[in-house]
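The values are calculated or read from the model by the stated rules, or taken from the named source; none is laboratory data. Note that the structure is a prediction, hence the values are computed from the model and not measured. We place every Cβ from the backbone using ideal geometry, glycine too, and count neighbours over all the protein chains shown.
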Amino acid sequence: MQVYCQGCAGCCIDWRPLLESDQRDAIEHERRGLGVVPDEGTAEETETEAGTETRTDGTPIRRRNAIDDVYNLVPLTRDEVRAFLEAEFGDVLIPRLWEADAVDESVSIDGYDVAAIAGRPAFFVGLRKPPKPVAPFGREDADWLPTCTFLDPETLQCRIHGDDLYPSECAEYPAHNVALEQQTECERVEEAIGGERIRFEESSDDERTSRDEEGVTVDVEATDGLLLGPQAIGQKLFVHPDPDALEGRLERLVSDDLTTEDRAAFVAVAAASAPGTLAISDNHYDQAYERVLEADSWAGAAIREWERRASETSADPSQGEAVEVARGAPETPGWPDSSEE
């Protein structure tokens, strides 16, 4: 499988504002919810007012809507959360919760009935997306769009690509979508913008062109990080042990107004979780909570600066040098100039 990333970064940017309303509706997979394969024998419970989608083998897919509006949140594993905290990047992490569907166990917080396990709100931890000045898809003019913390706004390359912190979800993308028979972001970009962003069949040696050399080869079988069902609990899907302690926090999550303490309350639980169980390590929780509060990374400082600039300055991708690199962000290599061939 070949993925053509140059000038795209559709999986790292919330590009919905660039689309007309009908096009936007077509790619609103985040608002249609998280697809979940139910346990065997529960297919009849997946019927909802919105209907039931199925995979090619007829297996039902249950969908839950995220309560936030972050596009393409990258879910981190427990070990990845711990690694970000160890590297003092606790200020770039953010939680995600979901609206409960008709058959979910749920708990009510701030007026939201959120999906829960054993009375505990379920959540992911991902990376924050501040507004950045970007010009994806060959656009001449840049726009302020929610963009991954680690994306270089000028080259549209990840600043931690190949680093030990690079999330497995990103490294294996879009193999997880293919394995789950879900549309890839590459295909959404093709449909809405045009061009070729993904090729599922590799060219033979005598058919290869310079276009193939520009692509990134992805192993369609690279699904080591794909965690589903009970194996995801405590490893990628976390549960908060104290719903009452979250009062006020969900409202701030929805309004994109989370405090550092709000984020710490979720991130610490994720870092303190035990794979396959609902257990929480108090020692790990306390350490993680303090690390989030103490974090002052270049990325966290850049988020604050981007948020300030988005309301005061015009969109210019070259600002990444002053906002990120000057604060310690690693530079990106850039792309080959096809005009020099």
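Identify, from the list A329, A268, the residue that is under 18 Å from V134 (Cβ atoms) and crowded, with 17+ Cβ neighbours inside 10 Å. Don't jump to the end; show me each part of the working.
Working: A268 fails: under 18 Å from V134 (Cβ atoms).
Selected residue: A329, the only one of A329, A268 that is under 18 Å from V134 (Cβ atoms) and crowded, with 17+ Cβ neighbours inside 10 Å.
In segment 11-26, is there at least one residue being of a type in the set (G, A, S), farther than 25 Å from E181 by Cα, at pLDDT 75 or above and part of a loop (DSSP other than H, G, I, E, B)? Walk me through how you get there before you give the answer.
First, the residues of segment 11-26 that are of a type in the set (G, A, S): 21, 26.
Among the residues that remain, those that are also farther than 25 Å from E181 by Cα are: 21.
Pick out the ones that are also at pLDDT 75 or above and you get 21.
Of the ones still in play, those that are also part of a loop (DSSP other than H, G, I, E, B) are none.
Looking for residues that are of a type in the set (G, A, S), farther than 25 Å from E181 by Cα, at pLDDT 75 or above and part of a loop (DSSP other than H, G, I, E, B), one finds none in segment 11-26, hence no.
Which of the residues belonging to segment 282-312 are over 22 Å from A264 (Cβ atoms), in contact (Cβ under 8 Å) with a residue 60 or more places away in the chain and in a loop (DSSP other than H, G, I, E, B)?
Residues satisfying the conditions do not exist here.
Results for (1) at pLDDT below 95; (2) surrounded by fewer than 20 Cβ atoms within 10 Å (Cβ to Cβ), shown as yes or no for each residue.
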site: F123; (1), (2): no, no
site: C148; (1), (2): no, no
site: P174; (1), (2): yes, no
site: E181; (1), (2): yes, yes
site: E187; (1), (2): yes, yes
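Restricted to segment 287-311, and to residues that are modelled with pLDDT of 95 or more and under 22 Å from D141 (Cβ atoms), which residue is surrounded by the most Cβ atoms within 10 Å (Cβ to Cβ)?
Residues of segment 287-311 that are modelled with pLDDT of 95 or more, as a first pass: 287-310.
With the extra rule that they be under 22 Å from D141 (Cβ atoms), the set shrinks to 305-310.
On the way: E305: 17, W306: 23, E307: 12, R308: 12, R309: 20, A310: 16.
Only one residue fits best here, namely W306.
Every residue in segment 240-274 that is over 15 Å from A122 (Cβ atoms) and assigned to a loop (DSSP other than H, G, I, E, B), please.
E247, G248, S255, D256, D257, L258, T259, A272, A274
Got a number for residues in segment 123-161 being of a type outside the set (D, E) and assigned to a loop (DSSP other than H, G, I, E, B)? Full working, then the answer.
Here is the first cut: in segment 123-161, the residues of a type outside the set (D, E) are 123-139, 142, 144-151, 153, 155-161.
Those still in the list that are assigned to a loop (DSSP other than H, G, I, E, B) too: 128-130, 135-139, 142, 148-150, 153, 155-157, 159-161.
The qualifying residues number 19.
If a residue must be of a type outside the set (D, E, K, R) and buried (at least 21 other Cβ atoms within 10 Å of the Cβ), how many such residues does segment 84-106 contain?
Here is the first cut: in segment 84-106, the residues of a type outside the set (D, E, K, R) are 84-85, 87, 89-90, 92-95, 97-98, 100, 102-103, 106.
Then keep just the ones that are buried (at least 21 other Cβ atoms within 10 Å of the Cβ); that gives 84-85, 89-90, 92-95, 97-98.
Number of matching residues: 10.
Return the residues of segment 313-325 that are surrounded by 12 or more Cβ atoms within 10 Å (Cβ to Cβ), of a type in the set (G, A, S) and in a helix (DSSP H, G or I); say none if nothing qualifies.
G320, A322
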